[in-house]
Structure formats: structure tokens, C-alpha cells
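I have placed the structure first, in the form of C-alpha cells, so that the comments after it can refer back to it.
The values are calculated or read from the model by the stated rules, or taken from the named source; none is laboratory data. Keep in mind it's a predicted model, so treat the numbers as computed, not measured. Neighbour counts run over all protein chains shown; Cβ positions are idealised from the backbone, glycine included.
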Amino acid sequence: MLKVLILQRFFDLSDEETEFQILDRFSFLRFLGLRPGDGAPDHATIWSFKERLGADGMLAVFELFNAKLCDLGLIASCGKIIDASFVEAPKQRNRRQENEQIKRG
């Protein structure tokens, strides 16, 4: 579950989005030590784990995690996952003169 929180923190994901990304991305599955078809924590499980840790526990965990990274000479930075779907737009079929005429009514 700690690895789930790391993914959530560094990719700025909600509990629901974390659940979706774990099931959708092979890189997330591999990081968590899971294989396709394995069970993954759902958003309620993620929320429950964070509630059990509490704010102080979360702070302590990530301070320790960041300290370990610094000891290894690593710096972690946050990122975003963006849907880059292509959408076809209609092609312009009128000439400029026709468009001007349409605008004039």
C-alpha cells in the first residue's frame, strides 16, 4: 500500500484515478509487483489505508521516503498523467469570400 501512496502522490491522483491507473498501466502494475489479472486495491481500500495512517503518519512516511531517496542521491518530482486523445475536427470547406458572405447574411 505504501507503493500505491507513492504513485498517488507523485502523479497527483485521486483514490479513484489511482485505482484506474493501476489497472490500466503496466508500469504501475510492475512497480507494485502485480501482474495483469491480479487483484488491485480499489479506491475504498486506498482511502481506508490513508485514514488509518492519518495526516501525521502520511507526513512521517513521506519524510522517511524522501530521506531514503536523498541518501541514494535521487530526487523525486511530481508529474501528471494527461489523456492525449486525438479528435478529428471538421475541415473548412468554404472559401474566404464565401465565409464573408455567410457572415453578412
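Test residue 21 against the stated conditions and say whether it is touching a Phe, Trp or Tyr at 6+ places or on another chain (Cβ under 7 Å), at pLDDT 90 or above and closer than 21 Å to residue 81 by Cβ. Spell out how you get there, then give the answer.
Details: touching a Phe, Trp or Tyr at 6+ places or on another chain (Cβ under 7 Å): yes; at pLDDT 90 or above: yes; closer than 21 Å to residue 81 by Cβ: yes.
Taking the combined requirement at face value, the residue satisfies it.
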Can you give me the number of residues within the range 24-54 that are among the charged types (D, E, K, R) and over 18 Å from residue 81 (Cβ atoms)?
6
Of the conditions (1) exposed (fewer than 10 other Cβ atoms within 10 Å of the Cβ); (2) of a type in the set (Lys, Arg); (3) at pLDDT 90 or above, residue 91 satisfies every one except a single condition; which number is it?
(3)
Which numbered condition residue 81 misses (of (1) touching a residue at least 12 places away in the same chain (Cβ under 8 Å); (2) of a type in the set (Val, Ile, Thr); (3) part of a helix (DSSP H, G or I)):
(3)
Return yes or no: is residue 97 part of a helix (DSSP H, G or I), loosely packed, with under 11 Cβ neighbours inside 10 Å and out of contact with any strand residue (DSSP E or B) (no Cβ under 7 Å at 6 or more places or on another chain)?
yes
